[in-house]
């Protein structure tokens with residue numbers, strides 16, 4: 001199965017907002033990561049773990065986000081996505097095609113898709 005089959009819409013911001021604002025946005029949109037874009041370029045990703053680790057601090061997302069963006073093509077397999085996540089100890093992968101952000105996948109998305117493809121039920125769905 002390809003990444004394009006399970007990727008979700010990536011929520012991005014071009015504003016360097018405070019962590020508390022990012023947390024509110026993530027809760028409102030029911031997402032576990034937020035992409036930071038500057039001048040149409042991926043600058044970083046902030047995850048739920050980053051927010052929790054820095055909650056209550058008057059910091060902006062650019063000061064705590066991961067800046068080494070590792071992405072994947074929508075045509076790649078879920079197996080390759082899983083290997084990239086494991087190797088780099090990350091839980092989210094922006095999906096990029098021709099330099100444009102197409103979506104995002106998480107390790108949870110992969111686990112859910114693999115479980116469903118084998119006819120199983122996923123408890124956290």
Consider the range 22-53. How many of its residues are surrounded by 15 or more Cβ atoms within 10 Å (Cβ to Cβ) and out of contact with any strand residue (DSSP E or B) (no Cβ under 9 Å at 6 or more places or on another chain)?
1
Enumerate the helices (runs of 4 or more DSSP H) found wholly within the range 1-94, keeping only those where 2 or more residues are touching a helix residue (DSSP H, G or I) at 6+ places or on another chain (Cβ under 9 Å) and under 18 Å from residue 107 (Cα atoms).
48-54, 78-88
Quick one: residue 114 ticks every box in (1) outside any strand (DSSP E or B); (2) modelled with pLDDT of 95 or more; (3) surrounded by 12 or more Cβ atoms within 10 Å (Cβ to Cβ); (4) in contact with a helix residue (DSSP H, G or I) (Cβ under 8 Å, 6 or more places away or on another chain) bar one, so which box is it?
(2)
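Consider the range 22-76. How many of its residues are in contact (Cβ under 8 Å) with a residue 60 or more places away in the chain and at positive phi? Can you show your working first?
Filtering the range 22-76 down to residues in contact (Cβ under 8 Å) with a residue 60 or more places away in the chain leaves 32-33, 35, 37, 72-76.
Filter once more, so that each one left must be at positive phi: none.
Total meeting the criteria: 0.
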Failed condition for residue 88, given (1) exposed (fewer than 13 other Cβ atoms within 10 Å of the Cβ); (2) more than 15 Å from the chain's Cα centre (by Cα); (3) without any contact (Cβ under 8 Å) to a residue 40 or more places away in the chain, with all others met?
(2)
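The values are calculated or read from the model by the stated rules, or taken from the named source; none is laboratory data. In this text the structure is predicted, and so the values were computed from the model without any measurement. Because the Cβ atoms are built from the backbone with ideal geometry, glycine has one as well, and the counts that use them run over all protein chains shown.
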